[in-house]
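The values are calculated or read from the model by the stated rules, or taken from the named source; none is laboratory data. Remember, it's a predicted structure, so these values are computed and weren't measured experimentally. Because the Cβ atoms are built from the backbone with ideal geometry, glycine has one as well, and the counts that use them run over all protein chains shown.
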Amino acid sequence: MFRPSLSLRGLSLIACSVLAFSMLSTTPANAELTIEITGAGANRIPVAIADFGGEPGSSRALTSVVRGDLEHSGLFRMIDTTGVAITETTSPAYADWKNRGADALAAGSIGPSGDGRQEARFRLYDVTRQAPLGGAAFVTSSAMLRAAGHRIADVIYEKLTGEPGVFSTRIAYVVKSGPALYELHIADSDGQNAQAALKSREPIISPTWSPDGTRLAYVSFENKKPVIYVHSLASGQRIVVANFKGSNSAPAWSPDGRKLAVTLSKDGGSQIFTINADGSGVQRLTTNSGINTEPFFAPDGQTIYFTSDRGGSPQIYRTSLNGGDVQRVTFEGSYNVSPRISADGKTMAFISRRENGFRLAVMDLASRQVQILTDSFKDESPSFAPNSRMILIATEIGGRGVLSAVSVDGRIKQRLSIPAGDVREPAWGPYLR
Amino acid sequence: MKRLIIPTLLALLVAGCSSTPDTAEQTGAPVDSRGANDGKIATVTAGNMDSRKLPPELTDPKNILSKRSVYFDYDKFDIKAEYKDLVAAHAKFLNNNRQFKMLIQGNTDERGSREYNLALGQKRADAIKKQLVLLGAREEQVESVSLGEEKPKNPGQNEAAWAENRRGDMLYSGEF
């Protein structure tokens, strides 16, 4: 592990606003997300990423992933490195890089690892202080070259911002094509390598990652009613977790991955239950007769946030698994729904109706201060990045569903869209283990 | 609890799926061992196509029973006076025809959270079911579920379209 370094002059100012996705390279595929930055941090760190040394094809691919990740995070500005041929073994010419305007420099190479695979190595330097910031090496197969690039970008990101990077994570989302084709896609955080985990003629909603990143829980309407499934991504094996009389929806994993909180209408009304991930051990949590739905586990594994209309309008409440009091959490406005708690437990993202638009909002849970982060009219389904710094939402632009990643301070905005499809129901996966 | 495990051929199964999730009820195409040269073709029906024919009274446009939809106001789930007779007629039919089952699908317009809308659609379906049971349908004859905002009848983004989508549909066995 690297210790985060905040030694670069000026970097601490932006260390708290972080990032996410990166850029599309060249893979031609009809259903891949394209990313566009629509808002960037005020003080982007000038970074020079020298072309990686080694076999030209691999090194070019690797360099473009690292640069793309950092640039599209909205936190970094790429310094031109044209004409420079250096690697991790070259002593950096600090004065030259300072003249080019770089605060930090990374140089590396890719070459045979000895076991038939390749090894990507790099070192990072603080140009201002003229000091090395460390480095790393990742052994990779050619097919996983992009993954190695994301890992390198994660290290650089963490070193320069003090926050873990999420370039190596994956996202899930639903693509609707035409009137009756729904696909649940899994892609890298930069929208690349998209693969369909499920195709259906009927809607798929509310995908959510198991904490270990191997399974997704979701709601599928393939049987003409909402039923909750848990789907193992590697094998494609699916388990029906809840198919009771009435509707079964809104799955949310417990932090230990053993249980789900779900909404069932089997006893009348929409009530929140917990259920084991294999469908056993159903326990009812709410008793209010109205709507109780969208449960979400706080990181303590004991507190459940949820949406209820018990007060006359949809608002967010929280309760304890062991049956404590129900407390109302939102008070401003007449429609506050879809609570999600960041992994650090500090922030709640939710959707709030303001001036007739449904907008992404965040609440600082300590101060209860609310901030509206967008001026959209149709934001939905927020999902935190595992570093708690970015929120992925579905929104609508020109009548078409797109995804947008927004930093918790609202400054950085990225848009992810698929040319021919409606994209919705995003879920940001956990860190890779 | 029913469990479904689909290790492979997932896409095929899902794409063609319109019936129950119970694997025991999923059957393959019949195999005709007499050979293909007698020109016989085995017809395989998918989903509920082969369910019993609905009696004419449910489909005759002049009969109130041919109407199946109850419309709701925004964020509301009470059955408006104009639909009371319709619901009462279906309650009477269910009471007189105990072999029939009904699925009520609640729907909402597209505004707001998908999951909240699912719960709102459930409330609408439950309201219809409650009225049906009150007027003579058997509890076990009727299942109320929600499609939320997922299956809009009218995909438009205006009040007229939304009003069409705030709806509960009463479907009989064979229609879903």
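When you scan the range A:186-206, do you find a residue that is of a type outside the set (Asp, Glu), within 12 Å of another protein chain (Cβ to nearest Cβ), surrounded by 21 or more Cβ atoms within 10 Å (Cβ to Cβ) and within 19 Å of A:Pro386 (Cα to Cα), even just one?
yes
Somewhere in the range A:407-416, is a residue touching a His at 6+ places or on another chain (Cβ under 8 Å) and either assigned by TED's automatic domain parsing to the domain that holds A:Tyr182 or touching a residue at least 40 places away in the same chain (Cβ under 8 Å) (or both)?
yes
What's the number of the condition A:Ile291 fails, among (1) more than 8 Å from every other protein chain (Cβ to nearest Cβ); (2) in contact with an Asp or Glu (Cβ under 7 Å, 6 or more places away or on another chain); (3) surrounded by 24 or more Cβ atoms within 10 Å (Cβ to Cβ)?
(1)
For the structure I just gave you, tell me whether A:Ser334 is in the same structural domain as A:Val227 (by TED's automatic domain parsing), polar (S, T, N, Q) and either in contact (Cβ under 8 Å) with a residue 60 or more places away in the chain or within 26 Å of A:Pro430 (Cβ to Cβ) (or both).
So A:Ser334 does not fit the description; no.
Could you go through the range A:155-173 and let me know if any residue there is modelled with pLDDT of 95 or more, in contact with a Phe, Trp or Tyr (Cβ under 9 Å, 6 or more places away or on another chain) and within 14 Å of chain B (Cβ to nearest Cβ).
Within the range A:155-173 (the criterion being modelled with pLDDT of 95 or more, in contact with a Phe, Trp or Tyr (Cβ under 9 Å, 6 or more places away or on another chain) and within 14 Å of chain B (Cβ to nearest Cβ)), the answer is no, since none of the residues qualifies.
Is it true that some residue in the range A:382-393 is more than 22 Å from A:Asp344 (Cα to Cα), in contact (Cβ under 8 Å) with a residue 12 or more places away in the chain and buried (at least 16 other Cβ atoms within 10 Å of the Cβ)?
So far as the range A:382-393 goes, no, none of its residues is more than 22 Å from A:Asp344 (Cα to Cα), in contact (Cβ under 8 Å) with a residue 12 or more places away in the chain and buried (at least 16 other Cβ atoms within 10 Å of the Cβ).
Which residue, of B:Leu120, B:Leu135, B:Leu86, is farther than 30 Å from A:Ile316 by Cα, surrounded by 17 or more Cβ atoms within 10 Å (Cβ to Cβ) and aliphatic (A, V, I, L, M)? If you could, list the steps in order and put the result at the bottom.
Values: B:Leu120 fails: farther than 30 Å from A:Ile316 by Cα; B:Leu135 fails: surrounded by 17 or more Cβ atoms within 10 Å (Cβ to Cβ).
Unique residue meeting the criteria: B:Leu86.
Condition first: at pLDDT below 95 and either under 19 Å from A:Asn99 (Cα atoms) or in a helix (DSSP H, G or I) (or both). Now tell me which residues in the range A:46-58 satisfy that.
Of everything in the range A:46-58, those that are at pLDDT below 95 and either under 19 Å from A:Asn99 (Cα atoms) or in a helix (DSSP H, G or I) (or both) turn out to be A:Pro56, A:Gly57, A:Ser58.
Could you check, for the range A:176-183, whether at least one of its residues is out of contact with any Phe, Trp or Tyr (no Cβ under 7 Å at 6 or more places or on another chain), surrounded by 24 or more Cβ atoms within 10 Å (Cβ to Cβ) and hydrophobic (A, V, I, L, M, F, W, C)?
Quick first cut of the range A:176-183, residues out of contact with any Phe, Trp or Tyr (no Cβ under 7 Å at 6 or more places or on another chain) only: A:177-183.
From what's left, surrounded by 24 or more Cβ atoms within 10 Å (Cβ to Cβ): A:182.
Then keep just the ones that are hydrophobic (A, V, I, L, M, F, W, C); that gives none.
Scanning the range A:176-183 turns up no residue that is out of contact with any Phe, Trp or Tyr (no Cβ under 7 Å at 6 or more places or on another chain), surrounded by 24 or more Cβ atoms within 10 Å (Cβ to Cβ) and hydrophobic (A, V, I, L, M, F, W, C).
Hey, A:Trp209 hits all of (1) touching a residue at least 24 places away in the same chain (Cβ under 8 Å); (2) more than 21 Å from A:Leu233 (Cβ to Cβ); (3) not assigned by TED's automatic domain parsing to the domain that holds A:Ser64 but one; which does it fall short on?
(2)
State all residues of the range A:180-205 that are aromatic (Phe, Trp, Tyr) and part of a loop (DSSP other than H, G, I, E, B); if no residue qualifies, say none.
Across the range A:180-205, there are no qualifying residues.
Could you tell me which residue of the range A:220-241 is surrounded by the most Cβ atoms within 10 Å (Cβ to Cβ), considering only residues that are among the hydrophobic types (A, V, I, L, M, F, W, C) and facing chain B (nearest Cβ under 8 Å)?
A:Phe221
Take the range B:105-120 and flag every residue that is assigned to a helix (DSSP H, G or I) and more than 8 Å from chain A (Cβ to nearest Cβ).
Within the range B:105-120, just B:Asn117 meets the criteria.
Would you point out the residue of the range A:65-87, among those that are within 12 Å of A:Ile152 (Cβ to Cβ) and touching a Ser or Thr at 6+ places or on another chain (Cβ under 6 Å), that is surrounded by the most Cβ atoms within 10 Å (Cβ to Cβ)?
A:Asp69
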